[in-house]
Amino acid sequence: MKILVTGGLGFIGSHTVVELVNAGYEPVIVDDLSNSDPKILDQIARIIGYKPVFHKLDLSNENSVKELAAKEADIDGVIHFAASKAVGESVQQPLKYYRNNFYSLINLLEVYSGKPLNFVFSSSCTVYGQPEILPVTETAPIQPAQSPYGNTKQIAEEILQDLITSGSNYKVIALRYFNPVGAHETALIGELPIGVPQNLVPFITQTAIGKRPKITVFGNDYNTPDGSCVRDYIHVVDLAKAHVAALKLLEKDNFNGYDVFNIGTGKGNTVLEVIHTFERATGVKVNYEIGPRREGDVEQVWGDVTKSTNKLGWKAELGIDTMMSSAWEWEKYISQNPL
Ligand code: WQD
C-alpha cells in the first residue's frame with residue numbers, strides 16, 4: 001500500500017515514514033522544505049535501509065499538486081502533515097497561515113477526489129483551548145481559536161466533515177495531537193527547530209548542551225501543583241505509530257465517513273516537572289529562571305485517550321523519562337553531526 005506523506009521530512013512526518021515502513025507500507029514523501037532539511041531523507045534511509053521517493057513541492061500551488069497526482073496516481077492513502085504551525089507567527093502573519101494551510105489541504109483533496117482514498121489529517125489539541133473539564137475528550141466543545149494557526153486546524157476539520165457529508169468517497173480520520181516530544185531511538189532523526197526554539201523540550205535540550213544560557217519558565221503562578229502550566233507530552237514515536245493505527249482502521253470495510261481521536265498519553269506534567277525529569281533522566285543540569293506568562297498559553301490540558309485505546313486500538317507506550325533521554329541523545333547527535 002502506497003501512502004503519500006505530506007510534510008514527510010518534518011519532525012512528526014519523518015518518524016511516521018519510519019513507522020509506515022516498519023508496518024509494511026510504501027511511503028512517498030512530499031515536502032516544500034520550508035521548515036525541514038532535505039538531509040533528513042538520508043537520515044531516514046539510514047534507519048529503513050533505502051531512500052523513499054521524495055517530491056519537493058509547494059502544495060498550496062494548484063498546478064504543482066496536479067503534476068504530483070499525475071506522477072503518483074496509484075496511492076492508497078494520504079497522511080497530511082504539511083502546514084505552517086507556529087502559533088506566534090500565525091498571529092503576526094494570518095494570511096500566510098490561511099493561504100498555506102487551506103490551499104494545500106483543498107488542492108490535495110480536489111486532485112484525488114475521483115477515487116476512494118484513506119486520509120489521515122494532522123490536527124491538534126489546540127482546538128480545545130482551555131477545556132472546562134479535564135482530561136479532555138473528543139466530544140468536548142471546540143473553543144474559539146486562540147490563534148490563526150489553531151483556527152486553521154478547527155476549520156480544516158470542518159472542511160473534511162463537510163466533504164464526507166457531500167458524499168465523497170474519502171474516508172477520513174483526524175488525529176488531535178497533544179505535545180509531541182522526543183526522538184527516534186537511533187538518534188538519527190528528531191526535532192529540528194529553525195532559529196530560537198518555540199517549544200519547551202528543544203529549548204531544554206539546547207540549554208542543557210550549552211547553546212542557550214538558560215530557559216525561562218513562562219509563569220509559575222498558575223493554578224497547578226507547582227504553578228507552571230500542565231501539558232500532555234507524548235513521544236513522537238508513539239505518535240507516529242498512531243498514524244499507522246489510523247490507516248488500519250480506515251482500511252476496515254465497516255469504517256465509513258469521518259472520525260477524530262485524541263493522541264496523547266492521558267497524563268499531564270508541569271513545565272517544572274519536565275525540566276526536573278530531564279535532569280534526572282540525563283544527569284544534566286538545566287539552568288532555568290521563572291519569567292512572566294506567555295500570551296495565549298492555556299493553563300492546563302491533557303487528553304482522555306479512552307476512545308483511541310478502544311476504537312483506534314492504539315495506546316502510548318513510552319514514558320516521559322524516555323521522551324527526555326531520547327531528546328537529549330538527538331541533541332548531542334545533531335550538535336556533533338550538523339546536517
Ligand atoms: C509547552 C509549555 C509553555 C517554552 C505546542 C504548539 C501547538 C501544538 C502543541 C501542534 C507551555 C512552556 C515553553 C519555553 C516555557 N503543536 N514553555 N518556556 O504551547 O503547549 O503547544 O504544541 O499542533 O501548536 O504550540 O507547546 O512546547 O510551546 O509549550 O515555559 O521556553 O512549556 O509556556 O506551558 P504548547 P510549547
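Taking a Cβ cut-off of under 10 Å around ASP259, the surrounding Lys, Arg, Asp and Glu residues balance to a net charge of +2, with basic ones at +1 and acidic ones at -1.
Each Lys and Arg Cβ is given +1 and each Asp and Glu Cβ -1; about its Cα centre, the chain then shows a dipole of about 400 debye. When the trypsin sites (Lys or Arg not before Pro) in region 196-278 are filtered for DSSP coil states and for at most 10 other beta-carbon atoms within 10 Å of their beta-carbon, the remaining sites are LYS252. Averaging the Cα positions of each part gives two centres, and for region 158-185 and region 98-128 these lie 8 Å apart.
Shown here are the Rg and Dmax of the Cα trace of region 150-207, at 17.1, 51 Å. The dipole here belongs to region 8-102: it is taken about the Cα centre, uses +1 on the Cβ of Lys and Arg and -1 on the Cβ of Asp and Glu, and is about 240 debye. In the frame of its principal axes, region 43-160 has Cα extents of 46, 32, 31 Å, reported largest first. Here's the picture: charge each Lys and Arg Cβ at +1 and each Asp and Glu Cβ at -1 in the chain, and of TYR233, ILE133, VAL196 the one pushed furthest to the positive end of that dipole is VAL196. A straight Cα-to-Cα reach below 27 Å connects LYS115 with the lysines LYS2, LYS56, LYS66, LYS71, LYS153, LYS171, LYS241, LYS248, LYS252, LYS311, residues fewer than 8 places away in its own chain not being considered.
Sites listed here are GluC sites (Glu not before Pro) in region 114-162 whose DSSP assignment is loop and whose Cβ has at most 10 other Cβ atoms within 10 Å: GLU132.
Values of log10 I(q)/I(0) for the chain across q = 0.07, 0.08 Å⁻¹ run -0.27, -0.35, by the Debye formula with one identical scatterer at each alpha carbon and no solvent. Positive end of the charge dipole of the chain (Lys, Arg +1 and Asp, Glu -1 on Cβ, about the Cα centre): tell me which of ALA156, ILE106, LEU20 has its Cα farthest that way. Working it through, the farthest residue towards the positive pole turns out to be LEU20. Here the dipole of region 92-174 is about 300 debye; that uses its Cα centre as origin and unit charges on the Cβ of Lys and Arg (positive) and Asp and Glu (negative). Qualifying trypsin sites (Lys or Arg not before Pro) in region 276-339, where qualification requires a DSSP coil assignment and no more than 11 other C-beta atoms within 10 Å, comprise LYS285.
Give the residue from ASN262, SER335, LEU272 lying farthest towards the positive end of the charge dipole for the chain; charges sit on Cβ (+1 for Lys and Arg, -1 for Asp and Glu) and the dipole is referred to the Cα centre. So the residue we want is SER335. All other residues whose Cβ lies under 13 angstrom from that of GLY88 are scored, Lys and Arg at +1 and Asp and Glu at -1, for a net of 0.
Ellipsoid fit via the Cα gyration tensor, region 187-339: semi-axes of 30, 20, 13 Å, each the root of five times an eigenvalue, largest first. Taking the fewest neighbouring Cβ atoms within 10 Å as the starting point, the ordered list for LEU33, LEU59, LEU339, LEU108 is LEU339, LEU33, LEU108, LEU59.
Here, each number is a calculation from the coordinates, and none is a lab measurement. In this text, all values refer to a predicted model and were calculated from it rather than measured experimentally. For neighbour counting, all protein chains shown are included, and Cβ atoms are generated from backbone atoms with ideal geometry for every residue, glycine included.
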